[in-house]
Amino acid sequence: MILKSLELNSFRNILHAKVGFEDGVNVLYGNNAQGKTNIIEAIRFFSECSSFRGANDRELIMSGKNRAVITAVFEKDGREQTVEVRFDAEKRREIYLNGAKTAPKEYIGSFNTVIFYPEQLSLIKNGPENRRKFADIAICQLRPAYYSLRSRFERTLHQRNALLKSGDMRTLDIWDERFAKLSFLITKTRKNFVTRLEEFAKPYVNDISGGKEELSLSYVPSYDAKDENGLYLELVNNRERDAEYGNTNVGAHKDDFETYLNGDSVKKFGSQGQQRSCVMSFKLAEAEITGDTRGEYPLILLDDVFSELDTSRREFITGKIMGKQVIITSCDPISSMENANKIYVENGGVTQG
Ligand SMILES: Nc1ncnc2c1ncn2[C@@H]1O[C@H](COP(=O)(O)OP(=O)(O)OP(=O)(O)O)[C@@H](O)[C@H]1O
Ligand SMILES: [Mg+2]
């Protein structure tokens, strides 16, 4: 997939900007707080249908305005396409793919990117919700139906917890059955993803460690059950405890995955450098898996990671993404990348070249 151009109107601190992108490396450079990450956030929005920074629509609309529009022209499946998101302070946002209004569950997977930003460098040490989020967003790009599955799961979890809190257990049986079914499917899908991630990330870790380190990943479900019926029984057994806390203690929303190097837990024993190498390999692997599954390599977004990585890791990642479309943000124009398309960002304005 290739992003050709992006147009932003009243998005964050950008009143109006039109940016053209090239096939290879594109560098968005400029001082702090000028709008570089805002541009990345807009681009990534087309993949996730939400802000990767967790912002709500109101925060994305320029202060003092009521509406924002972001539009991208991209090439995929051999044709030029457009996607537009219209944000409104009063209404639900709308997504238009090639001019036709579409729902996120139908649209998701249409615009493939892989994003890498500094907070993710501690993905392995951070809480499990970060790893679930990483896996879930990646899977949505690969298997769009997973998006609806996740929404149904979230709603069911919410409903079960509401019933537990209310003390009215009469319909709990139906919800437990539904919850077990959806939860089991999510666990299974994530487990497959983690297996694939391991397969694709292993050679990168091996490469960057000079053959010294072998990566392995293990999915850690929050329950012992081997099938959905077993999970249903676990839920029934846990009802009393769950009712006491007003939430559900087992299920896909509590799952995790663990990273090992030569059999040792990276979370417990890994150095900062080892953690970073693993996460960097996850990102390269995610891009490759997306390319493999969707038939086209995704657009790579590197927000500020270059300044965070040491020279050897920076060179490693640069070597691996050579020839792909990449958008990098940086405070300086990265003089070593002479052939890159340089875009200067200042106070919400964009100057090409
Ligand atoms: N809704 C909004 N309306 C107006 N301005 C906003 C809005 N949201 C964020 N901003 C402004 O955008 C700027 C931050 O932009 P951004 O995060 O893209 O910076 P950056 O260029 O990536 O900087 P850094 O190099 O520090 O990462 C801040 O000045 C902030 O006040
Ligand atoms: Mg930034």
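Every number in this text was worked out from the coordinates using simple rules, so none of it is lab data. As the structure is a computational prediction, the values presented were derived from the model and not from experiment. Please note: Cβ atoms are built from the backbone with ideal geometry, for glycine as well, and neighbour counts cover all protein chains shown.
How big is the antiparallel share of DSSP beta bridges in the chain, given as a percent to the nearest 5?
Counting DSSP beta bridges with both partners in the chain, the antiparallel share is about 70 percent.
Rg and Dmax of segment 236-353, both derived from C-alpha coordinates alone, stand at 20.6, 64 Å.
Its Cα gyration tensor gives segment 125-294 an equivalent ellipsoid. The semi-axes, each the square root of 5 times an eigenvalue, are 34, 17, 12 Å from largest down.
Close amide-amide hydrogen proximity is noted between Gly246 and no other residue 5 or more places distant or on a separate chain, at a cut-off under 5 Å (H modeled in the peptide plane; Pro and chain starts excluded). Among the GluC sites (Glu not before Pro) within segment 149-247, those in coil by DSSP and having at most 13 neighbouring Cβ atoms inside 10 Å are Glu214.
From the cross-link list Lys101/Lys320; Lys165/Lys267; Lys101/Lys324; Lys125/Lys181; Lys91/Lys125, which pairs have alpha carbons spaced over 32 Å apart? As for pairs spanning more than 32 Å Cα to Cα, those are Lys101/Lys320; Lys165/Lys267; Lys91/Lys125.
Between segment 316-336 and segment 208-279, how far is it from one alpha carbon centroid to the other, in angstrom? For segment 316-336 versus segment 208-279, the Cα centre distance is 33 Å. If only the Cβ of Lys and Arg carry +1 and only the Cβ of Asp and Glu carry -1, the dipole of segment 125-294 around its Cα centre is close to 440 debye. Rounded to the nearest whole angstrom, the semi-axes of the ellipsoid equivalent to segment 195-252, taken from the Cα gyration tensor as √(5λ), stand at 39, 12, 7, largest first. Compactness of segment 23-85 was expressed as the Cα radius of gyration divided by 2.2 N^0.38 Å, which yields 1.26.
A full extension of the chain between Glu240 and Ser335 corresponds to an added length of 28.0 nm, given 0.36 nm per residue minus the alpha carbon distance.
From most to least packed by mean Cβ count within 10 Å, the peptides 272-282, 117-127, 94-104 give 272-282, 117-127, 94-104.
Residue ranges 128-136, 57-65, 201-209 sort as 201-209, 128-136, 57-65 when ordered by packing (mean number of other C-beta atoms within 10 Å per residue, highest first).
Across segment 240-303, Cα-Cα pairs more than 18 Å apart make up 61 percent of the total.
Which distance in Å, rounded to a whole number, links the C-alpha centroids of segment 168-188 and segment 52-70? The two parts, judged by their Cα centres, are 36 Å apart.
Put a plus charge on the Cβ of each Lys and Arg, a minus charge on the Cβ of each Asp and Glu, and nothing anywhere else: the dipole of the chain about its Cα centre is then about 680 debye. Across segment 254-265, coupling constants 3J(HN,Hα) worked out from phi with the 6.51/-1.76/1.60 Karplus curve, θ = phi - 60°, read 10, 6, 7, 9, 10, 10, 10, 10, 6, x, 9, 4 Hz, and Gly and Pro carry x. Based on every Cα atom in the chain, Rg and the maximum pairwise Cα distance Dmax equal 21.5, 67 Å. When the chain is treated as a GNM with alpha-carbon contacts under 10 Å, the residue of Ser312, Ser148, Ser183 showing the greatest mean-square fluctuation is Ser312.
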